[in-house]
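Written out below as structure tokens is the structure these notes cover.
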Amino acid sequence: MGVLVRSAARQLCCAARAVIPCTWRGKYFSSGDEPAENNRVTPMLRHLMYKIKSTGPITVAEYMKEVLTNPAKGYYMHRDMLGEKGDFITSPEISQIFGELLGIWFISEWMAAGKSAAFQLVELGPGRGTLMGDILRVFSQLGSVLKNCDISIHLVEVSQNLSDLQASTLTEAKIPLERNAESPVYMKGVSKSGLPISWYRDLQDVPKGYSFFLAHEFFDVLPVHKFQKTPQGWREILIDIDPQVSDNLRFVLAPCVTPAEAFLQHDETRDHVEVCPDAGVIIQELSERITLTGGAALIADYGHDGTKTDTFRGFCGHKLHDVLTAPGTADLTADVDFSYLRRMAQGKVASLGPIEQQVFLKNMGIDVRLKVLLDKSDEPSVRQQLLHGYDMLMNPQKMGERFLFFALLPHQRLHGRSHQINACQSKPSASPVAGFAELAWQ
């Protein structure tokens, strides 16, 4: 998701991404109550206080939506939050190998599903375009495999600032971008390898067709409703103005049932729950598309399988940030509940995972890929960067166990597996899908 320093050649077999010396935002699991350095009265805070004074306390979901994506003052709309000078770092910025292996995953699925004559590669929330750039480099390197396939790239991005960064990373500078702010396809371009790229603000605007979907650190920033179990039953947690401290916000419990309580499971056993209706809508859209036209979706994020409670937190300058302080200046995030995503698929498609990142990447051959890059590099600094990036991705105390992979596929993809298994295997794998089992080329 970011533009990073690379070795001069930028070749698949010898490039190595420089490691940014900062903290990955998924390292901490906290509700964000840590004190901030100061309590700035930001334009977003003024906007929220006016809103609350006018209509009463707001939900955490409404707070997140305003703070992150408000067209005039939203955190994602007018700043570059990634990398060393930003507020957090993600896997593609840590190591090029991450994106390369995801590129291999999509090619593997395309081959296993019958090598369609065309497919759309759709990414939700592409950041700076680093991940897609790494994937497209793999596509280019394996052009002989994909030569008869018509591939198009589709990016779902609400921020014009970020879409411009993506275009800078991905497109051919000599070919001017087509822009139309009023159209569902608000920007078009051509990738450096000659593939058409289109930008949309909403997944529903992406043309329906055989597609592979990618959502990397996308679901964690979608707005969540928070609920607390009380003696009177479930009560939603709201955000109000603190009457004791000027220009401060605080959490309060709703005095009675709110409409969002309909999203709770009737047999919920936790005493504190975060629910993301927007995630449910997107999963249902993905499930319907995959059912009708085929393809697959790969979702990678930090989260849990229905076990965690209070995970809402903020990040600013690679440090935890009080979620209610200086809104609009920090990233807000909540761990993805993959059990909720599975329920929202409603059985229309098969789901795999979630499995830990270290397992997924090992199954995809990260150890072999690392060895190739190390063998081809004579520079100690590059080798050190490669090893450091590998450690960040695979170490259980860093990203290895905290980051999870989850996939949606057509039910028929998991049936009739015999023709999809490598002939050298002595017995069929329990799962034929790369990453969720060891990668086996046909």
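The values are calculated or read from the model by the stated rules, or taken from the named source; none is laboratory data. Small disclaimer: the values here were computed from a predicted structure and weren't measured. So basically every Cβ, Gly included, is an ideal-geometry build from the backbone, and we count neighbours across all protein chains shown.
A few remarks follow.
- When residues of the range 107-131 are limited to those that are in contact with a helix residue (DSSP H, G or I) (Cβ under 7 Å, 6 or more places away or on another chain), in contact (Cβ under 8 Å) with a residue 60 or more places away in the chain and of a type in the set (A, V, I, L, M, F, W, C), the one nearest to Ala440 (Cα to Cα): Ala112
- For the range 170-179, the condition of being more than 18 Å from Leu214 (Cβ to Cβ), hydrophobic (A, V, I, L, M, F, W, C) and in contact (Cβ under 8 Å) with a residue 24 or more places away in the chain holds for none of the residues.
- Of all residues in the range 263-293 being more than 25 Å from Leu203 (Cα to Cα) and among the polar types (S, T, N, Q), the one that is surrounded by the fewest Cβ atoms within 10 Å (Cβ to Cβ): Thr269
- Qualifying positions in the range 165-180 - within 25 Å of the chain's Cα centre (by Cα) and at pLDDT 95 or above: Gln166, Ala167, Ser168, Thr169, Leu170, Thr171
- The residue that is modelled with the highest pLDDT, among those in the range 258-279 that are farther than 17 Å from Pro231 by Cβ and polar (S, T, N, Q), is Thr258.
- The single condition among (1) in contact (Cβ under 8 Å) with a residue 12 or more places away in the chain; (2) more than 20 Å from the chain's Cα centre (by Cα); (3) farther than 22 Å from Pro354 by Cβ that His272 does not meet is (3).
- The range 143-164, subset assigned to a loop (DSSP other than H, G, I, E, B) and modelled with pLDDT of 95 or more, residue farthest from Phe219 (Cα to Cα): Cys149
- Residues within the range 305-335 that are more than 17 Å from Phe227 (Cα to Cα) and assigned to a strand (DSSP E or B), tallied: 8
- Condition check for Ser193: without any contact (Cβ under 8 Å) to a residue 24 or more places away in the chain, assigned to a loop (DSSP other than H, G, I, E, B), of a type in the set (Ser, Thr, Tyr) and over 30 Å from Ala254 (Cβ atoms): no
- Here Gly389 clears all of (1) surrounded by 14 or more Cβ atoms within 10 Å (Cβ to Cβ); (2) at pLDDT 95 or above; (3) out of contact with any strand residue (DSSP E or B) (no Cβ under 7 Å at 6 or more places or on another chain) except the condition numbered (2).
- Meets criteria (at pLDDT 90 or above and of a type in the set (Val, Ile, Thr)) for Val19: no
- Number of residues in the range 338-390 that are assigned to a loop (DSSP other than H, G, I, E, B), more than 18 Å from Ile104 (Cβ to Cβ) and within 24 Å of the chain's Cα centre (by Cα) equals 5.
- Residues satisfying the stated conditions in the range 111-121, i.e. at pLDDT 95 or above and either touching a Ser or Thr at 6+ places or on another chain (Cβ under 7 Å) or within 14 Å of Val433 (Cα to Cα) (or both): Phe119, Gln120
- Once the range 106-142 is narrowed to residues that are in a helix (DSSP H, G or I) and aliphatic (A, V, I, L, M), the residue that is surrounded by the fewest Cβ atoms within 10 Å (Cβ to Cβ) is Met111.
- Scope the range 294-325; condition under 28 Å from Lys208 (Cβ atoms) and surrounded by fewer than 21 Cβ atoms within 10 Å (Cβ to Cβ); matching residues: Gly294
- Listed conditions (1) touching a Pro at 6+ places or on another chain (Cβ under 8 Å); (2) within 21 Å of Gln96 (Cα to Cα); (3) among the hydrophobic types (A, V, I, L, M, F, W, C) are all met by Ile135, apart from (1).
- Just one of the numbered conditions (1) within 21 Å of the chain's Cα centre (by Cα); (2) closer than 17 Å to Phe312 by Cα; (3) not in a loop (DSSP other than H, G, I, E, B) is not true of Pro223: (3).
- For the range 330-344, the criterion of being of a type in the set (D, E, K, R) and under 23 Å from Arg413 (Cα atoms) is met by at least one residue.
- Residue that is farthest from Ala61 (Cα to Cα), among those in the range 225-262 that are of a type in the set (D, E, K, R) and surrounded by fewer than 18 Cβ atoms within 10 Å (Cβ to Cβ): Asp247
- Checked against (1) closer than 22 Å to Thr333 by Cα; (2) modelled with pLDDT of 95 or more; (3) touching a strand residue (DSSP E or B) at 6+ places or on another chain (Cβ under 8 Å); (4) not acidic (Asp, Glu), Val221 meets all criteria but (2).
- When the range 363-417 is filtered for residues that are in contact (Cβ under 8 Å) with a residue 12 or more places away in the chain and at positive phi, only Gly365 remains.
- Hey, Gly294 in contact (Cβ under 8 Å) with a residue 24 or more places away in the chain and under 19 Å from the mean Cα position of the chain (by Cα) or not: no
- Any chance Ser246 is under 30 Å from Met49 (Cβ atoms) and not in a strand (DSSP E or B): yes
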